[in-house]
Amino acid sequence: MNSYHSYFVELLVLQCLALASASLGYNFHYFVQQWPGSQPYVTRKSCYPTTGKPATNFSITGFRPYYKDGSSETFCNVSNNPFDLSKISDLTSKMQANWPSLARPCSDSTTGLWSHEWDKYGTCSESRYLPGEHAYFKAALDLKDRVNILQILEESGIQPNGGFYNLSSIHSAIHKAIGYDPWIKCNTDASGNGQLYQIYLCVGRYELTFTECPVLPRTTEDCASAIKFPAF
Ligand SMILES: *[C@@H]1O[C@H](CO)[C@@H](O)[C@H](O)[C@H]1NC(C)=O
Ligand SMILES: *[C@@H]1O[C@H](CO)[C@@H](O)[C@H](O)[C@H]1NC(C)=O
Ligand SMILES: *[C@@H]1O[C@H](CO)[C@@H](O)[C@H](O)[C@H]1NC(C)=O
């Protein structure tokens, strides 16, 4: 090997080391929104947040740090840094409108989802890009402002009217609007029809902008090729 080649090999080794240390910590977030008309606590148990019937709109479920191999850490720093409502008092009304506690038992329906998501995922996202609880919730609210999923779907003729829509049309409407493919989660209504439940988008760790998903939550979506979009 001549000296040029050994220099080149050394550079490669250094680059690999740099990449290895840069990849410590999580790589991206799943930004998950849900449709209230498909949320079992709401539709089957009539369990509303204390603020009343949630808006006829998608709402935030979670903002969750993940590694690009599909794994995640959870409950990273709860004992030192548990959910503290007083840290987000200026965001509370916006949180109630955009991140209602739908996916929780009724008794837990005001701040239950917020404290669950912070303790489980938010404590693992602390960094200089998301320095603490306020920054975490604010970032998620800002993301929701940037992507009006209901409007995107309605503009493609996909309405929450109890009709069935092609899964591929839902994918392409969202892809057309934001430039990236969502991952869609379905569940079933009380009669066993597959329905649109949650929409996952990926968000970069540093820029906090939408990005291609480095890895999907699962390789396939549990949706039929045509799914119901229930009224709410
Ligand atoms: C855990 O929380 C404490 C209190 O907010 C904070 O000072 C510390 O930096 C956090 N540790 C990590 C690893 O995030
Ligand atoms: C639905 O949420 C979007 C933000 O994602 C917001 O811009 C819009 O005003 C909301 N629509 C309704 C009807 O609440
Ligand atoms: C939905 O899919 C079916 C079967 O692939 C196709 O025939 C139909 O044209 C599609 N409808 C829309 C609105 O894309």
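The values are calculated or read from the model by the stated rules, or taken from the named source; none is laboratory data. Computed from a predicted model, the values in this text were never measured in an experiment. Backbone-built Cβ (ideal geometry, glycine too); neighbour counts: all protein chains shown. Surface areas here come from the heavy atoms of the whole protein model, side chains and all, with no ligands, DNA or RNA. Shrake-Rupley method; radii C 1.70, N 1.55, O 1.52, S 1.80 Å.
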Original post:
Under a plain spin-label model, where a point goes 7 Å from the Cα along Cα-to-Cβ, how far apart in nm are T56 and T219?
Top reply: 4.1
Original post:
About the Cα centre of region 95-158, what is the dipole size in debye to 20, counting +1 per Lys and Arg Cβ and -1 per Asp and Glu Cβ, all else neutral?
Top reply: 100
Original post:
Please identify the trypsin sites (Lys or Arg not before Pro) of region 128-166 that satisfy two criteria: DSSP loop assignment and at most 16 other Cβ atoms within 10 Å. Which are they?
Top reply: R128
Subject >> Charge sum, other residues only, whose C-beta stays under 15 Å from K144's C-beta, Lys/Arg counted +1 and Asp/Glu -1 >> reply: +1
Subject >> Charged-residue dipole, Cβ positions (Lys, Arg, Asp, Glu), region 26-229 about Cα centre, Debye nearest 20 >> reply: 260
Subject >> DSSP bridge pairs, region 26-229: antiparallel proportion in percent, nearest 5 >> reply: 95
Original post:
Any idea of the accessible area per residue across the chain, 1.4 Å probe, to the nearest Å²?
Top reply: 49
Subject >> Within the accessible area of region 26-229 (1.4 Å probe), percent carbon and sulfur >> reply: 47
**OP:** Determine the shape class of region 24-120: with a ≥ b ≥ c the square roots of the Cα gyration tensor eigenvalues, call it rounded for a/c under 1.5, and otherwise prolate if a/b is greater than b/c, oblate otherwise.
**Re:** prolate
**OP:** Compute the Kirkwood hydrodynamic radius of the chain, taking the inverse of the mean of 1/r over all pairs of distinct Cα atoms, and give it in Å to one decimal.
**Re:** 19.1
Original post:
Under the Karplus relation 6.51 cos²θ - 1.76 cosθ + 1.60, θ = phi - 60°, what is the ordered set of whole-Hz ³J(HN,Hα) values for region 192-201, x standing for Gly and Pro?
Top reply: x, 6, x, 9, 5, 10, 9, 10, 9, 10
Original post:
If you stretched the chain out fully between S72 and E154, how much longer would it get, using 0.36 nm times the residue separation minus the C-alpha to C-alpha distance?
Top reply: 26.2 nm
**OP:** Indicate the helices, whole DSSP H runs only, in the chain that combine a mean Kyte-Doolittle hydropathy of -1.0 or more with a Cα extent along their long axis of 18 angstrom or more.
**Re:** 3-22, 133-146
Subject >> Signed unit charges on C-beta, dipole axis of region 34-138, positive-most listed residue Y121, P49, N80 >> reply: P49
